[in-house]
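The values are calculated or read from the model by the stated rules, or taken from the named source; none is laboratory data. Please read all numbers here as calculations on a predicted model, not as lab measurements. When we count neighbours, we look across all protein chains shown, and the Cβ atoms used for this are built from the backbone with ideal geometry, even at glycine. Areas reflect the complete protein model, heavy atoms only, side chains present, ligands, DNA and RNA absent. Shrake-Rupley method; radii C 1.70, N 1.55, O 1.52, S 1.80 Å.
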Amino acid sequence: MTDYTQVWQCIGCGRIEAPQPCIGVCKDRKVFMVGKDEHERVLAENHALRDRLENAHAMLLRFGQARPREGQWESAWNALQPQLREALAVLAAT
């Protein structure tokens, strides 16, 4: 997990400052930041999405490993259809 640095943000203009010792060569530059709450929300969404994709991946592997017995391809196909719909529902939820 990322370490957070506490900074001061102006409630008027939004300027960000972090107290630290100056060595006399300071120069401002524009940087882009995101708030801690937003960052953690996106991390949680990312984790949930990865979990769903791993679940769908495991479900889809069954199709690649399925080998119907001689003369049983139709019953195997019918048995895999609900599992396919379940995997598609998992992917659609993402």
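In terms of its C-alpha gyration tensor, region 30-71 has a prolate overall shape, because the principal axis ratio a/c (a ≥ b ≥ c, square roots of the eigenvalues) is not below 1.5 and a/b outweighs b/c.
Rounded to the nearest 20, the Cβ-based charge dipole of the chain about its Cα centre (Lys and Arg +1, Asp and Glu -1) stands at 220 debye.
Atom-type composition of the exposed protein surface of the chain places 56 percent of the accessible area on carbon and sulfur (1.4 angstrom probe).
In the chain, if the dipole is taken from +1 on Lys/Arg beta carbons and -1 on Asp/Glu beta carbons about the Cα centre, which of Pro19, Ala89, Gly71 is farthest to the positive end? Checked the options; the winner is Pro19. The residues Lys27, Lys36, sorted by heavy-atom accessible surface at 1.4 Å with ligands and nucleic acids left out, run Lys27, Lys36 from largest to smallest. Counting heavy atoms of the protein chains alone, Met33 has an accessible area of about 130 Å² for a 1.4 Å probe.
Relative to the longest principal axis of the Cα atoms of the chain, the long axis of helix 36-65 makes an angle of roughly 20 degrees. For Cα extents along the principal axes in Å, the listed values are (i) 60, 23, 19; (ii) 35, 30, 19; (iii) 82, 27, 19; which was obtained by calculation from the structure presented? It is the value labelled (iii). Think of each Lys and Arg Cβ as +1 and each Asp and Glu Cβ as -1; about the Cα centre, that makes the dipole of region 50-90 roughly 60 debye. Take the Cα of Glu74, step 7 Å toward its Cβ, do the same at His47, and the gap between the two points is 4.9 nm.
Against the chain, whose longest principal axis is taken from its Cα atoms, helix 73-93 shows a tilt of about 20°. Surface calculation, 1.4 Å probe, protein heavy atoms: Cys26 sits at approximately 100 Å² accessible. Once the 1.4 Å probe is applied to the protein heavy atoms, the chain comes out at 93 Å² accessible per residue.
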